[in-house]
1. For a quick check of understanding: with a 1.4 angstrom probe and all protein chains in place, what accessible area in square angstrom does residue 290 have, to the nearest ten?
2. Determine the share of the range 192-302's accessible area contributed by carbon and sulfur atoms, expressed in whole percent, with a 1.4 angstrom probe.
3. In sequence order, what are the phi-derived ³J(HN,Hα) couplings for the range 40-56 according to the Karplus relation 6.51 cos²θ - 1.76 cosθ + 1.60 with θ = phi - 60°, rounded to whole Hz, with x for glycine and proline?
4. Which distance in Å, rounded to a whole number, links the C-alpha centroids of the range 34-63 and the range 231-302?
5. Taking a 1.4 Å probe, which of 277, 199 shows the most accessible area, and what order do the others take after it?
6. On the first, second and third principal axes, largest extent first, how far apart are the outermost C-alpha atoms of the range 192-302 in Å?
7. What whole-number volume per residue, in cubic angstrom, does the convex hull of the C-alpha atoms of the chain give?
8. Nothing charged except the Cβ atoms of Lys and Arg (+1) and of Asp and Glu (-1): what's the magnitude of the dipole of the chain about its Cα centre? Round to the nearest 20 debye.
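The values are calculated or read from the model by the stated rules, or taken from the named source; none is laboratory data. Because the structure is a prediction, the values reported are computed rather than measured. Note: ideal-geometry Cβ built from the backbone for every residue, glycine included; neighbour counts use all protein chains shown. Heads up: the accessible areas ignore ligands, DNA and RNA and are worked out on the full protein's heavy atoms, side chains in. Shrake-Rupley method; radii C 1.70, N 1.55, O 1.52, S 1.80 Å.
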Amino acid sequence: MAGDFEVLDERFRSLILPIVGLEKLYQGSLWAEGPVWFADNATLLWSDIPNNRILQWAEGLGTRVWRQPSNNSNGNTRDREGRLVTCEHGMRRVTRTEPDGSITVLAERYRGKRLNSPNDVVVKSDGSIWFTDPPYGILSDYEGHKADPELPGCYVFRLDPAGGEPEIVADDFDKPNGLAFSPDETTLYVVDTGASHRKDGPRHIRALRVQDGRRLQGDRVFTDINPGMADGLRLDRDGHVWTSAGDGVHCYAPQGELLGKILVPEMVSNLCFGGAKRNRLFITATTALYAVYLATSGAQRP
Ligand code: MG
């Protein structure tokens with residue numbers, strides 16, 4: 001329905017469908033996060049962090065608990081082989097789920113110190129894994145286990161496809177959160193949600209230039225988010241940035257102009273493209289999972 005969209009720039013009309021509205025697919029989570037689409041079996045997995053579980057939704061079948069306990073999992077993605085890659089608050093690590101269901105630990109320490117609580121993760125086309133490490137999983141017992149940080153900061157890390165210890169690719173974030181590459185992978189967008197615990201902290205998305213495929217340079221603030229903050233974000237095939245915000249999902253042009261919004265009645269944490277044509281946006285929003293068909297589709301990275 002038209003009421004689910006707010007058009008702020010006429011260009012937004014080419015990205016949405018006037019005859020569709022927001023669907024609620026599930027309700028019953030405490031804090032839904034980390035959606036990831038599995039095209040192979042047409043299902044969506046996502047985290048319900050405080051309830052310590054990963055849920056699975058399938059068209060016509062509804063929702064079931066897929067993994068519990070999940071070690072308070074947060075962000076999810078898939079690697080180049082289609083394996084699930086998960087950030088775990090509870091165990092303060094990044095893991096990979098193998099096809100036989102066993103779990104491989106990809107990262108849990110940096111120079112001997114435990115990570116804070118990996119939050120969100122993305123895999124580049126070369127197989128490298130990039131993730132953020134703010135402290136949300138150790139600030140209280142609600143989304144993990146309360147603990148003192150061992151690292152002096154909150155970093156953006158990169159894991160080399162060859163394995164080994166994570167390397168810091170950005171060390172000047174307050175609380176780095178969602179992250180996503182542009183379709184050509186020359187830009188990495190990283191959210192900073194420092195304002196969650198500091199009134200004048202950052203509430204913006206930064207755009208960092210990817211150098212040699214493995215380093216970050218040429219930083220700029222892509223956009224401030226208002227109202228609320230961004231958390232998770234994804235890009236469509238034309239490089240538009242779709243991000244969570246205080247009043248729903250915001251869509252930004254690649255140059256940073258706010259084009260329009262999908263208005264969602266609950267606080268949105270994250271989103272991902274899915275469906276048979278990758279033209280369905282799945283939205284995790286507090287207690288619920290929503291979806292909306294769009295006139296665009298998710299970025300297919302090279
Ligand atoms: Mg997040």
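1. About 10 Å², ignoring ligands and nucleic acids.
2. 48
3. So the J values, rounded to whole Hz, are 4, 10, 6, 10, 10, 10, 7, 8, 10, 4, x, 7, 6, 8, 10, 9, 10.
4. 17
5. 199, 277
6. Principal extents (largest minus smallest coordinate, Cα): 37, 35, 22 Å.
7. Taking the convex hull of the Cα positions in the chain, it is 122 Å³ per residue.
8. In total the dipole reaches around 320 debye.
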